[in-house]
Amino acid sequence: MWPSLMAVNPCPYCQNPVQENAPECPQCGIDGDKLTRIMGPMPVIFGGLSQSGTLLGAREVKGLVKVIDRYQRRFPQSRLHFLLRQFPQEMDFKVVLFWLFNHAGLSSQGSKDGSNRDAVIVIDPSRGKAGLIVGYGLEPLLSQKAMDAVVLSGKKELESGDYGAAFEAMTSELTDRLREICGSLPEAVGLSTQLSVEEVDDY
């Protein structure tokens, strides 16, 4: 089953519209299994904070773990993940984000469909891109403008190569957006079953 698309959403691979619950894209034929074969083996990724190499020092990692913990204590129904890794250059970044969110095992088995309120921030320093992807349960709470603002909030830090500070800035902006929404719509979480992807192409 194609796991994360609604009628108004494009296929992450060919960008053509895909109906909700379609087993595969009717235009390019891609589905979750085919996408995994194209992308290759999933790298070992741990929930929370995951990096390839040592771009972040031990003290910085410790601080970012606290940032994630604060977010999750503030929003106990949501899980936040930060991935700092390099991915295949030939793959469109939106496809990479979709692949990671759906196949890296970051969400628990109980977090499916409208109950998935997870958020994943990905930074790929090799290609100069950063992205935010959220699950079904958060998407209706965050407008296009809000998603843009979250990612763009870390642009200055990304340009200087301070990836930890960029993640912290994005998390702060995401927290502010969700706090504002939850204050005005306390029953809103989990209203929809749609996935959102936003990215900054050139930081």
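Return yes when Q72 is among the polar types (S, T, N, Q) and not in a loop (DSSP other than H, G, I, E, B) and no when it is not. So that I can check it myself, show each step before the final result.
On the way: among the polar types (S, T, N, Q): yes; not in a loop (DSSP other than H, G, I, E, B): yes.
Judged against the criteria, Q72 is a match.
If we scan the stretch 35-49, do we find a residue that is within 20 Å of A166 (Cβ to Cβ), buried (at least 18 other Cβ atoms within 10 Å of the Cβ) and either among the acidic types (D, E) or modelled with pLDDT of 90 or more (or both)?
There is at least one residue in the stretch 35-49 that is within 20 Å of A166 (Cβ to Cβ), buried (at least 18 other Cβ atoms within 10 Å of the Cβ) and either among the acidic types (D, E) or modelled with pLDDT of 90 or more (or both).
Yes/no per residue for (1) farther than 16 Å from M170 by Cα; (2) in the same structural domain as I181 (by TED's automatic domain parsing); (3) buried (at least 21 other Cβ atoms within 10 Å of the Cβ):
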residue: G57; (1), (2), (3): yes, yes, no
residue: V67; (1), (2), (3): no, yes, no
residue: R73; (1), (2), (3): yes, yes, no
residue: F87; (1), (2), (3): yes, yes, yes
residue: L97; (1), (2), (3): yes, yes, yes
residue: R127; (1), (2), (3): yes, yes, no
residue: V134; (1), (2), (3): no, yes, yes
residue: P140; (1), (2), (3): yes, yes, no
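Given the conditions (1) out of contact with any strand residue (DSSP E or B) (no Cβ under 7 Å at 6 or more places or on another chain); (2) over 20 Å from A165 (Cβ atoms); (3) touching a residue at least 12 places away in the same chain (Cβ under 8 Å), and given that P76 satisfies all but one, which numbered condition is not satisfied?
The single condition P76 does not satisfy is (3).
Filter the stretch 82-96 down to the residues that are within 16 Å of L158 (Cβ to Cβ) and outside any loop (DSSP other than H, G, I, E, B) and list them by number.
Scanning the stretch 82-96 gives F82, L83, L84, F93.
Enumerate the helices (runs of 4 or more DSSP H) found wholly within the stretch 99-203, keeping only those where 3 or more residues are more than 24 Å from V61 (Cβ to Cβ) and either at pLDDT below 75 or of a type in the set (K, R) (or both).
In the stretch 99-203, 163-184 are the helices (runs of 4 or more DSSP H) which contain 3 or more residues that are more than 24 Å from V61 (Cβ to Cβ) and either at pLDDT below 75 or of a type in the set (K, R) (or both).
The values are calculated or read from the model by the stated rules, or taken from the named source; none is laboratory data. Owing to the predicted nature of the structure, the values given are computational and were not obtained by experimental measurement. Positions of Cβ are generated from backbone atoms using ideal geometry, with glycine treated the same way; all protein chains shown enter the neighbour counts.
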